[in-house]
Amino acid sequence: VPVAVIENPAAVGDLVADIETQAQEVAYLAGVLAGLSTKTGTVGVVVSGEPPTWNYMTVGFAEGLKASNPDAKLIYSVIGEAAYDDAAGAKRVTEQQLAAGADIIFGMGDGASFGMIEAIREHNEANADSPAWFIDVIGDKAADYSDVLLTSVLFDYTGVYEQIIGNVGTPDFGQIYTMNVENGGVRLLDLPDSVSQETKDAVDAAKAGILDGTVTVDAIGDAAGVKTKLSELGYS
């Protein structure tokens, strides 16, 4: 029986295909957006754990932030070990970052994301003149949370699934299929009208740089490597 797995390249064989969702490049674009959009000069990253996917995106985001706004501060917080459903913990950590001046939160949390959103909404109710924004991952929450959602790092499996299905029963099936900026497997959710055209153009220019190879983004999947890279970039 042909099987497709997610982020397990060691399992690849004649009947096993692997999908790699290394979204560091599109997270770089989110970092560029954050760097050009922050009013306070402080941006936060809140994660529900440190699996490879979150680590790839943390580093990409930090590198994009540094490239677009070298003077910006980045606060990195881990809710807990595999705290993917810890909405209460996510809210508490996000509140701490907002209190420290962050006005954009890049949140990677699964169910914990809703705690981040709740914290931002409550912050904005009390600070209507200086609202904070949320950058989400994987899906599109715009229908319900457009009041706080700046964008999302979207994972679109359509193209890779079409490839895999087309290769079932052929020698091409057992391979690694990568979702990247070039094939559209990972991309940013369309930016809202509140984002200036100048900022949108800068994000597009960064994307063009990734595609033509003039912009390179580190792919770092381990937690220790993330902390080393953040330190090299001058972030806590």
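The values are calculated or read from the model by the stated rules, or taken from the named source; none is laboratory data. These numbers come from a predicted model, not from an experiment. We place every Cβ from the backbone using ideal geometry, glycine too, and count neighbours over all the protein chains shown. Accessible surface areas use protein heavy atoms only, side chains included; no ligands, DNA or RNA. Shrake-Rupley method; radii C 1.70, N 1.55, O 1.52, S 1.80 Å.
The residue that is nearest to Thr42 (Cα to Cα), counting only those in the stretch 209-236 that are open to solvent by 50 Å² or more (accessible area, probe 1.4 Å) and in a helix (DSSP H, G or I), is Ser231. Can you say whether Val168 is closer than 17 Å to Ile6 by Cα, in contact (Cβ under 8 Å) with a residue 60 or more places away in the chain and in contact with a Phe, Trp or Tyr (Cβ under 7 Å, 6 or more places away or on another chain), as far as the supplied structure shows? No, not satisfied. Of all the residues in the stretch 177-208, those that are exposed (fewer than 12 other Cβ atoms within 10 Å of the Cβ) and farther than 14 Å from Val26 by Cα number 5.
Would you be able to say whether some residue in the stretch 201-222 is more than 20 Å from Val32 (Cβ to Cβ) and not aliphatic (A, V, I, L, M)? Yes: one or more hits.
Of the strands (runs of 3 or more DSSP E) lying entirely inside the stretch 120-191, the ones with 2 or more residues being under 16 Å from the mean Cα position of the chain (by Cα) and at pLDDT 95 or above are found at 133-138, 149-155, 186-188.
Evaluating Glu162 against the criteria (1) open to solvent by 50 Å² or more (accessible area, probe 1.4 Å); (2) in contact with a Pro (Cβ under 8 Å, 6 or more places away or on another chain) leaves one unmet condition, (2). In this structure, does Thr216 turn out to be within 29 Å of Ser130 (Cβ to Cβ) and among the hydroxyl-bearing types (Ser, Thr, Tyr)? Criteria not met by Thr216. In the stretch 10-34, the residue that is farthest from Gln163 (Cα to Cα) out of those that are touching a helix residue (DSSP H, G or I) at 6+ places or on another chain (Cβ under 6 Å) and charged (D, E, K, R) is Glu25.
Contact map, the stretch 1-27: residues that are free of Cβ contacts under 8 Å to residues at least 24 places away in the same chain paired with residues that are outside any strand (DSSP E or B), Cβ distance under 8 Å, separation 6+ or inter-chain. Pairs shown: Val1/Leu15; Val3/Leu15; Val5/Ala11; Ile6/Thr21.
Pairs are defined by a Cβ separation below 6 Å, a sequence spacing of at least 6 or placement on different chains, a first member in the stretch 207-236 that is within 16 Å of Thr53 (Cβ to Cβ), and a second member that is of a type in the set (Asp, Glu) and assigned to a helix (DSSP H, G or I); the pairs so defined are Val217/Glu25; Val217/Glu63. A count restricted to the stretch 119-131 and to residues that are without any contact (Cβ under 8 Å) to a residue 40 or more places away in the chain and over 30 Å from Tyr157 (Cβ atoms) stands at 9.
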